[in-house]
Ligand SMILES: NC(=O)c1ccc[n+]([C@@H]2O[C@H](COP(=O)([O-])OP(=O)(O)OC[C@H]3O[C@@H](n4cnc5c(N)ncnc54)[C@H](O)[C@@H]3O)[C@@H](O)[C@H]2O)c1
């Protein structure tokens with residue numbers, strides 16, 4: 001009760017303090033308090049995952065789906081039929097067909113799960129049509145696009161939530177809880193990243209569930225159709241949000257703290273070509289492709305309150321999956337790669353790691369305790385349920401979203417800024433203050449509510 005009312009107070013005071021959201025009564029919202037009416041733009045593999053979760057909720061009506069590929073529409077219709085719900089409006093009308101969906105007055109919000117290069121224009125159109133926006137990672141390809149998203153959200157009063165699910169990972173939330181209870185002391189340094197062997201995703205011809213072949217672009221399937229091209233054209237941290245989101249929340253970025261500087265380095269690019277040659281032979285045409293993306297991109301960020309952040313992007317070499325988190329303070333640290341924690345004076349042996357699990361169980365986040373059953377079976381160990389839940393509850397309650405437009409663009413802007421820093425030979429670049437000074441007064445209310 002107390003937390004709910006403090007969340008409401010926060011939203012009110014944050015909005016007043018910032019003048020960021022100037023929603024006039026009756027101007028924007030048509031949603032009812034009990035249901036969120038959602039439209040899905042892009043129902044590829046990720047969109048279908050979110051659609052499936054939405055169909056399982058009795059407080060969501062799926063009003064419309066839209067895609068440009070018949071195969072993805074058919075797969076989505078199958079999911080809808082299987083759920084026992086009625087087939088909603090289906091839009092397949094070219095690249096801008098989604099704009100028809102936005103004309104629908106019965107729609108409260110859209111979930112955007114399209115390729116990255118479509119996110120900004122779709123978010124802008126949706127906010128201008130006065131819809132809540134839940135957009136997949138990443139949101140904004142250039143710093144200019146990031147600013148446009150901020151200004152449009154502020155002008156229209158429409159919240160934009162980037163659906164950064166890793167902020168809701170169970171161990172991440174337990175560590176957030178530990179940070180808030182001062183277990184690690186004052187936080188000095190954090191790390192994260194995207195360390196995921198995507199070679200079979202980047203070269204996927206859609207013939208089997210695990211990818212296959214060495215094709216991409218028009219001959220590819222799902223992310224191989226579009227994501228691989230980014231590795232041909234760009235050199236930077238192309239996917240920073242899973243790493244930065246969770247640790248940014250732990251050190252109050254945009255809420256009493258902010259990122260001030262960035263520097264990035266990229267290693268040589270070998271992994272993708274090596275994969276093509278191993279899988280398809282040296283004579284395959286894709287063996288001649290020059291990939292610009294360095295195999296390991298390392299980015300350092302400096303924060304106003306003195307912390308450093310290290311991010312790594314590592315998707316082109318053989319390796320087991322790990323987001324590489326490390327959260328370190330004056331009393332000790334957590335590292336997820338070896339699932340270990342050390343707290344001075346409390347760990348079993350001096351200078352020795354504890355298996356983290358007992359600590360994580362002890363500090364399990366209240367939201368995870370409350371919703372273990374609901375999240376069970378949802379994608380990525382349950383965190384996908386949480387991120388959709390937070391969005392749906394915000395839509396129903398007509399509040400700002402717990403991860404907001406400032407988070408979306410701060411986390412996304414790391415990509416273009418790292419590209420700039422690498423291009424300039426490792427020069428330090430200034431990090432924009434997308435909150436325009438509001439970070440000084442905003443409070444960190446992320447995951448402090450009773451419900452989300
Ligand atoms: N948060 C996570 O854990 C997670 C996991 C996977 C993917 N993602 C993100 O989700 C997004 C989608 O990835 P995906 O794996 O589903 O890719 P995908 O290629 O399977 O799906 C993209 C879909 O968008 C459709 N599309 C393209 N242009 C369109 C347009 N103009 N209008 C309507 N539909 C259009 C495509 O036809 C395709 O069906 C990306 O941003 C990706 O980074 C996030």
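Odds and ends about this structure:
- Taking 7 Å steps out from each Cα toward its Cβ at residue 265 and residue 181 produces label points 3.9 nm apart.
- Near-label residues of region 119-136 by backbone N, under 18 Å of a point 7 Å along Cα→Cβ of residue 96: 119-130
- Spatial separation of Cα centroids for region 222-296 and region 104-127, in angstrom: 24
- Sorted by Cβ density within 10 Å, fewest first, the residues 75, 122: 75, 122
- Two-site label geometry, residue 74 and residue 398: point separation in nm, points 7 Å out along Cα→Cβ: 4.3
- Of interest is the spacing of the C-alpha centroids, which for region 47-69 and region 332-366 amounts to 39 Å.
- Relative contact order (percent, whole number), region 49-173, Cα cutoff 8 Å, 6+ residue spacing: 17
- R0 of 25 Å, Cβ-Cβ distance residue 290-residue 196: FRET efficiency to nearest 0.05: 0.65
- Value of Rg to Rh for region 32-149 (Rh from inverse mean 1/r over Cα pairs, i.e. Kirkwood): 0.95
- Extension gain for residue 428-residue 277 works out to 50.8 nm (0.36 nm per residue, less the C-alpha to C-alpha distance).
- DSSP-defined beta bridges in the chain - what % are antiparallel, rounded to 5: 50
- The chain: Rg to Rh, with Rh as the Kirkwood radius over Cα pairs: 0.95
- Compared with the alpha-carbon gap, the fully stretched path from residue 331 to residue 103 is longer by 76.7 nm at 0.36 nm per residue.
- On the basis of the beta-carbon distance and an R0 of 51 Å, residue 147 and residue 346 show a calculated FRET efficiency of 0.70.
- Rg/Rh for region 213-356 (Cα atoms only, Rh after Kirkwood) is 1.08.
Where a number appears in this text, it was derived from the coordinates with a stated rule and is not lab data. No experiment lies behind these values; they were computed from the predicted model shown. Reconstructed Cβ throughout: ideal geometry from the backbone, glycine too, with neighbour counts over all protein chains shown.
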